[in-house]
């Protein structure tokens, strides 16, 4: 609700510690307390405006009013996004880079990844059948790392799989961490930069056996609108921006597993072979469970939004999790209910698990289609092609830790491929 001309203000010198303590619920808790979908506070030593809901998202993704450059804390840029990545750009620079990323999100390319993912599931099951038990979170990360590298065209030796998987996972597992975990993420970024950078040098020098039909080869020789090759560092960060999010789908797959385990009545509908219901199930996973908590931008210029004043340079944070659980838009948002997507026509602002707005012109995640298709393949294997047992364990997950994963990382045993 936006019905007061004064933005409610949270008291205190700085609320960064409160943000760390409350995680995904920080903004929603205060919106509930203030009875307002917008409030002012101080975070990271700066004045900040926090918002949630469809109207807030429509405002936030107006590129004439907000910019991304300089909004994300430097520590997150250095570990998670990477320097000068597409997420940190605006205007012409952002559009050119987004065009490059969207150029590979074609039907044929995505189907190629679907086929690769299926094969990796087959290979993984063969391996899992030989084990007494596996840790699902860690195993699907390796599965997705192999699938991502094959799809992009990054050479990956067998002896490298564990290291490259851990490095890519470390980028999103260390995003808001401090101390050793954070520095592990920084070291992983350096290691990945070196690895991918050397491959790009090889392509440009003609000393590489990378296939010229691959995404990697295409990006390595990609030219901007002025016909200049992109800097090696730029290509490197965007190749990692393809690999990292695919590995991060492991978070969604853990929640996919939980939903199957806790909602057998819904799973029966998936098993019936209803393709539409499978997609509804996947979309509800993306809405219901915690993934990306919020996203930041800076006010580009002074403007009024209704009775509210936004001043140039003010940090503005959109609550992604809260928008996906907004009680004004979602009926019983705390209830897991795939049927809510039965008549869903799609909204670029009301349903934003991976960001909102337009794919081509805006900052919506280029890999959202990839995420959905990989999850649908995985849903098929977990419900129709695999038998397994779930021993007693702690399957709870935190709404404070970012990212959130089940505490046991999901242990499964006696795995067998269904005949």
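The values are calculated or read from the model by the stated rules, or taken from the named source; none is laboratory data. On a predicted model such as this, the values are computed, not experimentally measured, just so you know. When we count neighbours, we look across all protein chains shown, and the Cβ atoms used for this are built from the backbone with ideal geometry, even at glycine.
Do any residues in segment 322-341 that are free of Cβ contacts under 8 Å to residues at least 60 places away in the same chain have Cβ atoms under 6 Å from those of residues that are assigned to a helix (DSSP H, G or I) and buried (at least 16 other Cβ atoms within 10 Å of the Cβ), where the two are at least six apart or on different chains, and which pairs are they?
324/287
Checking the structure you have, find out if any residue of segment 383-397 is within 30 Å of residue 97 (Cα to Cα), assigned to a strand (DSSP E or B), in contact with a helix residue (DSSP H, G or I) (Cβ under 8 Å, 6 or more places away or on another chain) and at pLDDT 90 or above. So that I can check it myself, show each step before the final result.
Initially, segment 383-397 is screened for residues within 30 Å of residue 97 (Cα to Cα), giving none.
No, there is no match, as no residue in segment 383-397 is within 30 Å of residue 97 (Cα to Cα), assigned to a strand (DSSP E or B), in contact with a helix residue (DSSP H, G or I) (Cβ under 8 Å, 6 or more places away or on another chain) and at pLDDT 90 or above.
Within segment 315-331, can you find the residues that are assigned to a loop (DSSP other than H, G, I, E, B) and buried (at least 17 other Cβ atoms within 10 Å of the Cβ)? I'd like the intermediate steps shown before the answer.
Here is the first cut: in segment 315-331, the residues assigned to a loop (DSSP other than H, G, I, E, B) are 324-331.
Correct list: 324, 325, 326, 330.
Please indicate, with yes or no, whether at least one residue in segment 367-377 is more than 30 Å from residue 108 (Cα to Cα) and assigned to a loop (DSSP other than H, G, I, E, B). Spell out the reasoning first.
Let us first name the residues in segment 367-377 that are more than 30 Å from residue 108 (Cα to Cα), namely none.
The answer is no, given that none of the residues of segment 367-377 is more than 30 Å from residue 108 (Cα to Cα) and assigned to a loop (DSSP other than H, G, I, E, B).
Residue pairs, Cβ under 7 Å, 6 or more apart or interchain, first in segment 185-200 and at positive phi and touching a residue at least 12 places away in the same chain (Cβ under 8 Å), second surrounded by 15 or more Cβ atoms within 10 Å (Cβ to Cβ) and in a helix (DSSP H, G or I). List them.
Every condition considered, no pair remains.
Being in contact with a strand residue (DSSP E or B) (Cβ under 9 Å, 6 or more places away or on another chain) and on the phi > 0 side of the Ramachandran plot is the filter; apply it to segment 2-55 and report the residue that is surrounded by the most Cβ atoms within 10 Å (Cβ to Cβ).
53
Select from segment 251-262 the residues that are farther than 16 Å from residue 396 by Cβ and more than 10 Å from the chain's Cα centre (by Cα) and list them in ascending order. Break it down into steps so the answer makes sense when it comes.
Of the residues in segment 251-262, the ones farther than 16 Å from residue 396 by Cβ are 252-253, 256, 260.
Passing the criteria: 253, 256, 260.
Inspect segment 334-349 for any residue being in contact with a strand residue (DSSP E or B) (Cβ under 6 Å, 6 or more places away or on another chain) and not in a helix (DSSP H, G or I) and give the result as yes or no.
Start the filter on segment 334-349 by keeping residues that are in contact with a strand residue (DSSP E or B) (Cβ under 6 Å, 6 or more places away or on another chain), which leaves none.
Looking for residues that are in contact with a strand residue (DSSP E or B) (Cβ under 6 Å, 6 or more places away or on another chain) and not in a helix (DSSP H, G or I), one finds none in segment 334-349, hence no.
Search segment 231-248 for residues being part of a helix (DSSP H, G or I) and closer than 11 Å to residue 220 by Cα, and hand back the single one that is farthest from the chain's Cα centre (by Cα). Break it down stepwise before answering.
Within segment 231-248, the first condition is being part of a helix (DSSP H, G or I), and the residues that meet it are 232-248.
Next cut, closer than 11 Å to residue 220 by Cα only: 232-236, 238-239.
Values: 232: 24, 233: 22, 234: 20, 235: 20, 236: 19, 238: 15, 239: 15 Å.
Only one residue tops the list, namely 232.
Working carefully through the options 80, 39, 60, 2, find the one that is within 25 Å of residue 399 (Cβ to Cβ) and modelled with pLDDT under 90.
Details: 39 fails: modelled with pLDDT under 90; 60 fails: modelled with pLDDT under 90; 2 fails: within 25 Å of residue 399 (Cβ to Cβ).
The unique qualifying residue is 80.
To keep it simple, each residue is scored yes or no on (1) part of a loop (DSSP other than H, G, I, E, B); (2) at pLDDT 90 or above.
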| site | (1), (2) |
| --- | --- |
| 184 | no, no |
| 193 | no, yes |
| 198 | no, yes |
| 202 | no, yes |
| 210 | yes, no |
| 213 | yes, yes |
| 219 | no, yes |
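Residues in segment 194-206 that are in contact with a helix residue (DSSP H, G or I) (Cβ under 8 Å, 6 or more places away or on another chain) and surrounded by fewer than 18 Cβ atoms within 10 Å (Cβ to Cβ): how many? Outline the logic, then answer.
Step one: of segment 194-206, the residues in contact with a helix residue (DSSP H, G or I) (Cβ under 8 Å, 6 or more places away or on another chain) are 195-197, 199-201, 203-204.
Adding the requirement that they be surrounded by fewer than 18 Cβ atoms within 10 Å (Cβ to Cβ) leaves 197, 201, 204.
Summing the residues that are in contact with a helix residue (DSSP H, G or I) (Cβ under 8 Å, 6 or more places away or on another chain) and surrounded by fewer than 18 Cβ atoms within 10 Å (Cβ to Cβ) in segment 194-206 gives 3.
Considering only residues of segment 129-168 that are assigned to a loop (DSSP other than H, G, I, E, B) and in contact (Cβ under 8 Å) with a residue 40 or more places away in the chain, which is farthest from residue 241 (Cα to Cα)?
132
Can you report the number of residues in segment 193-229 which are touching a strand residue (DSSP E or B) at 6+ places or on another chain (Cβ under 9 Å) and farther than 16 Å from residue 242 by Cα?
Taking segment 193-229 and keeping what is touching a strand residue (DSSP E or B) at 6+ places or on another chain (Cβ under 9 Å), we get 204, 220-223, 229.
Pick out the ones that are also farther than 16 Å from residue 242 by Cα and you get 204, 221, 223, 229.
The number of residues fulfilling the criteria is 4.
Just a yes or no: is a residue in segment 267-285 assigned to a helix (DSSP H, G or I) and farther than 30 Å from residue 396 by Cβ? Steps first, answer last, please.
Our first condition is that a residue be assigned to a helix (DSSP H, G or I); within segment 267-285, this holds for 267-271, 275-285.
Remaining after also requiring farther than 30 Å from residue 396 by Cβ: 275-276.
Yes: one or more hits.
Could you count how many residues in segment 47-68 are touching a residue at least 40 places away in the same chain (Cβ under 8 Å) and not in a strand (DSSP E or B)?
Taking segment 47-68 and keeping what is touching a residue at least 40 places away in the same chain (Cβ under 8 Å), we get 47-61, 63-68.
If we keep only those that are not in a strand (DSSP E or B) as well, we get 52-61, 63-65, 68.
Number of matching residues: 14.
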